[in-house]
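The next block holds one structure in the form of structure tokens; read it before the comments.
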Amino acid sequence: MNAPHAARTPPYRLLDSGGFEKLEAVGPYRLVRPCPQAVWPRRLPQTEWSRADAVYHRSETGGGSWEYLTPLEPVWAAELHGQPWQIKPTGFGHLGIFPEQQGNWDWLRKQGAALGGEARALNLFAYTGGSTLALAHGGCKVAHVDAARGIVSWARDNAKLQAVPETSIQWLVEDAAKFCQREIRRGRKYQGIVLDPPTFGRGPGGEMWKIEEHLVGLLEGCRQLLESEKPCFVLLSCHSPGFSPLVLENLLDAVIGSPTVMESGEMVIAAKEGGRPLPSGCFARWSRA
């Protein structure tokens, strides 16, 4: 893909939400996608929603499909957080960008800069690389781990769009839990760990992941991978029902240990021109000076 220069790339914007949907401007296109948490009425008139270029319809049996109202490029670019991102509508309704994570990306970049250029960070369930690239922009060397080969390739394309040096990131198609156990046996240590686990998933070898059953064990592995005598940090975020900010705080405190600083909150997508902000998951940030 020949991406336009970042300064000429149209941005991502949340235009409106309500009626269990959200209206987004993603680069040059307007898209409508399901949004179960948007239980309130829409603010913009129907004429604005009717200008959408594509609508994603969720199936009652799982998955869904896109209805294209105007021709769309199969791959395009949109600016988010001051950087260009590769956009590809998937069969599950995802686009490859997560605007709710922008506050966390700012925090990660600052953490990386504070730790210095030789700090090693680990990003588990790393998807299209938002946190990986924030860490790399902050100066960290990053191990990017995701179970899907195509998604890791997508993240590498984002790194190229953002001119991140290839030597800054190790790209790994791995099951997160198995990778952590191997790193423990190798005696590897990290100063930063990021994880955004799904509610449910499968590894490249068919390994089953259920957040309620497996998250504590994975966090125990993360604790063993953290540097014991240097400043370090952990960012845990998720979009799973029932995992509130306080739940995530309690998990990190109980499994990783008492931090120097702990903060948590709701991840939110800000809407255009003072529209209703859209809650989109929760986070907890643990750091030790």
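Scanning the stretch 88-104 for residues that are assigned to a loop (DSSP other than H, G, I, E, B) and not β-branched (Val, Ile, Thr) yields 88, 89, 91, 92, 93, 94, 95, 96, 98. Out of 189, 210, one residue alone is farther than 23 Å from residue 96 by Cβ and in contact (Cβ under 8 Å) with a residue 60 or more places away in the chain. It is 189. Let me confirm something: among 85, 66, 107, which residue is touching a residue at least 40 places away in the same chain (Cβ under 8 Å) and assigned to a strand (DSSP E or B)? Just one listed residue meets the conditions, 85. Contact map, the stretch 224-248: first residue within 20 Å of residue 278 (Cα to Cα), second residue modelled with pLDDT under 95 and exposed (fewer than 15 other Cβ atoms within 10 Å of the Cβ), Cβ cut-off under 7 Å, separation 6 or more or different chains; pairs are 240/199. The condition of being surrounded by fewer than 15 Cβ atoms within 10 Å (Cβ to Cβ) and in a loop (DSSP other than H, G, I, E, B) holds for only one of 182, 276, 188, that being 188. Beta carbons closer than 9 Å, at least 6 apart along the sequence or on distinct chains, pair a first residue in the stretch 145-156 that is within 20 Å of residue 208 (Cβ to Cβ) and in contact (Cβ under 8 Å) with a residue 40 or more places away in the chain with a second that is among the hydrophobic types (A, V, I, L, M, F, W, C) and buried (at least 19 other Cβ atoms within 10 Å of the Cβ) for 147/125; 147/176; 147/209; 148/154.
Yes/no per residue for (1) closer than 20 Å to residue 28 by Cα; (2) more than 14 Å from the chain's Cα centre (by Cα); (3) of a type in the set (A, V, I, L, M); (4) buried (at least 22 other Cβ atoms within 10 Å of the Cβ):
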| residue | (1), (2), (3), (4) |
| --- | --- |
| 82 | yes, yes, no, no |
| 90 | yes, yes, no, no |
| 96 | yes, no, no, yes |
| 101 | no, no, no, yes |
| 116 | no, yes, no, no |
| 121 | no, yes, yes, yes |
| 126 | no, no, yes, yes |
| 130 | no, no, no, yes |
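Take the residues of the stretch 143-164 that are β-branched (Val, Ile, Thr) and under 15 Å from the mean Cα position of the chain (by Cα): which is surrounded by the most Cβ atoms within 10 Å (Cβ to Cβ)? Selected residue: 145. Of the residues making up the stretch 219-228, at least one is under 15 Å from residue 288 (Cα atoms), in a loop (DSSP other than H, G, I, E, B) and touching a Lys or Arg at 6+ places or on another chain (Cβ under 9 Å). Kindly indicate whether any position in the stretch 165-172 is buried (at least 16 other Cβ atoms within 10 Å of the Cβ), farther than 18 Å from residue 105 by Cβ, in the same structural domain as residue 284 (by TED's automatic domain parsing) and at pLDDT 95 or above. Yes, the stretch 165-172 contains a residue that is buried (at least 16 other Cβ atoms within 10 Å of the Cβ), farther than 18 Å from residue 105 by Cβ, in the same structural domain as residue 284 (by TED's automatic domain parsing) and at pLDDT 95 or above. Being at pLDDT below 95 and either surrounded by fewer than 16 Cβ atoms within 10 Å (Cβ to Cβ) or in a loop (DSSP other than H, G, I, E, B) (or both) narrows it down to one residue among 213, 263; which is it? Answer to the selection: 213. Before we move on, is residue 38 outside the structural domain of residue 268 (by TED's automatic domain parsing), within 22 Å of the chain's Cα centre (by Cα) and under 20 Å from residue 278 (Cα atoms)? The answer is yes for residue 38.
The values are calculated or read from the model by the stated rules, or taken from the named source; none is laboratory data. This is a predicted model, so every value here is computed, not measured. Counting neighbours? That spans all protein chains shown, and the Cβs are built from the backbone with ideal geometry, glycine included.
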